[in-house]
1. Would you be able to say whether some residue in region 69-76 is in a loop (DSSP other than H, G, I, E, B) and either in contact (Cβ under 8 Å) with a residue 24 or more places away in the chain or within 11 Å of ALA12 (Cβ to Cβ) (or both)?
2. Collect the residues in region 1-45 that are under 9 Å from the mean Cα position of the chain (by Cα), surrounded by fewer than 17 Cβ atoms within 10 Å (Cβ to Cβ) and either within 15 Å of LEU69 (Cα to Cα) or touching a residue at least 40 places away in the same chain (Cβ under 8 Å) (or both), keeping them in residue-number order.
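Derivation of every value follows stated rules applied to the coordinates shown; laboratory data play no part. Keep in mind it's a predicted model, so treat the numbers as computed, not measured. Methodologically, a virtual Cβ is constructed for each residue, glycine included, from the backbone with ideal geometry; neighbour enumeration extends over all protein chains shown.
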Amino acid sequence: MAKDIGTLIEQARKELGKVTGLKPSSTIGATKDEKGWHISIEMLEKTSIPDQMDILAIYEVLLDEGGNLLGFERKAMRRRMDTEVSS
């Protein structure tokens, strides 16, 4: 049975946190294609003081219709204060 997008996003954040050991920061986007749901999540890679220097990474998570994790990949990283992302 297909799940709603909100439930799939929650599942993606939870599963990605489990497999990476990182804390989700924000959800960037979600799209669906023939492979499944692609959900982009920004994760906190490294905390710093001040927090503007935290390192954040954007991960793309692939879920099936049931919310099962099929794969994930880190796409980019940035410092919290930076507006542009580096690959």
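1. No: region 69-76 contains no residue that is in a loop (DSSP other than H, G, I, E, B) and either in contact (Cβ under 8 Å) with a residue 24 or more places away in the chain or within 11 Å of ALA12 (Cβ to Cβ) (or both).
2. Within region 1-45, GLY17 is the sole residue that qualifies.
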